[in-house]
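S.K.: Next up is a structure, given as structure tokens.
Read-outs: derived from the displayed coordinates by stated rules, not from any lab. In this text, all values refer to a predicted model and were calculated from it rather than measured experimentally. No Cβ is skipped: glycine too gets one built from the backbone with ideal geometry, and neighbour counts run over all protein chains shown.
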């Protein structure tokens, strides 16, 4: 007599599902992010997309609908000497902004010294220009640079240096330097505060060890201070690069891009294209190219900075 074994039932485990409470928490998180995403889309992504679309059209800003032209605006931009001249002025401005960072580093080093009294007061006073609106700063410095009644020329005359007086904003040889100096007056305080924070994070024992090894002040600055401030300097370089490439306020208030086009920067050129000559499509193409340039150079700069890290 043979017996047959009863078939063994194979139980398959159903795939585990997240608890209901966890799923509800995830949905709640998405709902919390949704308002920020909507604002980001409405005020950043949508304007960027609209600018890119307008750059492919011919539009004066007044007619009902733009005329599609494809890449014609970009082709004209390649041969636009005025665009590249204004871009060159932007690069000069970038180089000039490094002077403000050097001044900020010098002030930070002085104010971090233990023998300084009233450091908080000095830091506050030196940082005040960075809190002022650029339009107000431009109007004030425009008065300082006045040829006849400006404080700068009056001071030079009283010091017996009449030969140095000039129309600082009306001469092509000095206008750009005068505007950059005004911008640096508002920027060095920001650089000082950032670098002060970096100096406070450097271990004092590193300076003591370097001094015991016979390093002088210059060598301690080079081998201890600068490496300790590397991240802060990178931040300042990137911020100053972006800000100077999109600068507009001071040029608009002080020189209107003149004399000639000696102080015209790309942002002001874009403004004049869109609102003076009513070439909105061409202005949008210039704006897109400027944005791409800023993104590319910023990414390259950060990549090179990452490679320098040990």
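S.K.: Once you sort the root eigenvalues of the Cα gyration tensor of region 115-167 as a ≥ b ≥ c, which label holds: rounded (a/c under 1.5), prolate (a/b larger than b/c) or oblate (the other case)?
M.R.: oblate
S.K.: Starting from the coordinates of the alpha-carbon atoms of region 20-146, obtain the Kirkwood hydrodynamic radius over all distinct pairs and give the value in Å to one decimal.
M.R.: This gives a value of 21.3 Å.
S.K.: Jot down the radius of gyration and Dmax of region 173-246, Cα atoms only, both in angstrom.
M.R.: Just the Cα atoms of region 173-246 yield Rg and Dmax of 16.1, 50 Å.
S.K.: For an R0 of 35 angstrom, estimate the FRET efficiency from the Cβ-Cβ distance between residue 217 and residue 92 and round to the nearest 0.05.
M.R.: Efficiency computed from Cβ-Cβ geometry: 0.60.
S.K.: So what is the 222 nm mean residue ellipticity for the chain from helices alone, if each DSSP H run of at least 4 adds -39500 (n - 2.57) and you divide by all residues, rounding to the nearest 500 deg cm²/dmol?
M.R.: -21000 deg cm²/dmol
S.K.: Remind me, relative contact order of the chain in percent, using alpha carbon pairs under 8 angstrom and six or more residues apart?
M.R.: With pairs under 8 Å counted, the relative contact order is 27 percent.
S.K.: How much length is gained if the chain between residue 46 and residue 302 is pulled fully straight, taking 0.36 nm per residue apart and subtracting their Cα-Cα distance, in nm to one decimal?
M.R.: 89.5 nm
S.K.: Further question: What do you get for Rg/Rh over region 129-252 if you use C-alpha atoms and the Kirkwood form of Rh?
M.R.: Rounded to two decimals, Rg/Rh equals 1.14.
S.K.: By how many nm would the segment from residue 74 to residue 238 grow when fully extended, if each residue of separation counts as 0.36 nm and the alpha-carbon distance is taken off?
M.R.: 56.4 nm
S.K.: May I pose another question? Evaluate E = 1/(1 + (r/R0)^6) for residue 65 and residue 230, where r is the Cβ-Cβ distance and R0 equals 45 Å; express this FRET efficiency to the nearest 0.05.
M.R.: 0.30
S.K.: Compute the acute angle (0 to 90°) between the alpha-carbon long axis of helix 134-144 and the principal axis of greatest extent of the alpha-carbon atoms of the chain; round to the nearest 10°.
M.R.: 10 degrees
S.K.: What is the gain in length, in nm to one decimal, between residue 203 and residue 135 on full extension, counting 0.36 nm per residue of separation less the C-alpha to C-alpha distance?
M.R.: 20.4 nm
S.K.: Pick from 45, 196, 295: which is most flexible by mean-square fluctuation in a GNM of the chain where alpha carbon atoms under 10 Å apart are linked?
M.R.: Comparing 45, 196, 295 in a Gaussian network model of the chain, the most mobile one is 45.
S.K.: Here's another thing I want to ask about it. Taking the chain as a Gaussian network, where each spring joins two C-alpha atoms under 10 Å apart, which residue of 56, 236, 164 fluctuates the most?
M.R.: 164
S.K.: In addition: Please compute the volume of the convex hull spanned by the alpha-carbon atoms of region 67-135 and report it per residue in Å³.
M.R.: So the per-residue Cα hull volume is 142 Å³.
S.K.: Can you tell me how the chain classifies by the Cα gyration tensor, rounded, prolate or oblate, using a/c under 1.5 as the rounded cut?
M.R.: Verdict is oblate for the chain.
S.K.: So which residue, out of 96, 88, 70, gets the largest mean-square fluctuation from a GNM of the chain using Cα contacts under 10 Å as springs?
M.R.: Ranking 96, 88, 70 by mean-square fluctuation puts 70 first.
S.K.: Oh, and also: I need the calculated FRET efficiency for the pair residue 112 and residue 278, taking r as the beta carbon distance and R₀ as 41 Å, to the nearest 0.05.
M.R.: 0.20
S.K.: In Å and on Cα atoms, what radius of gyration and Dmax does region 161-210 show?
M.R.: 19.2, 54
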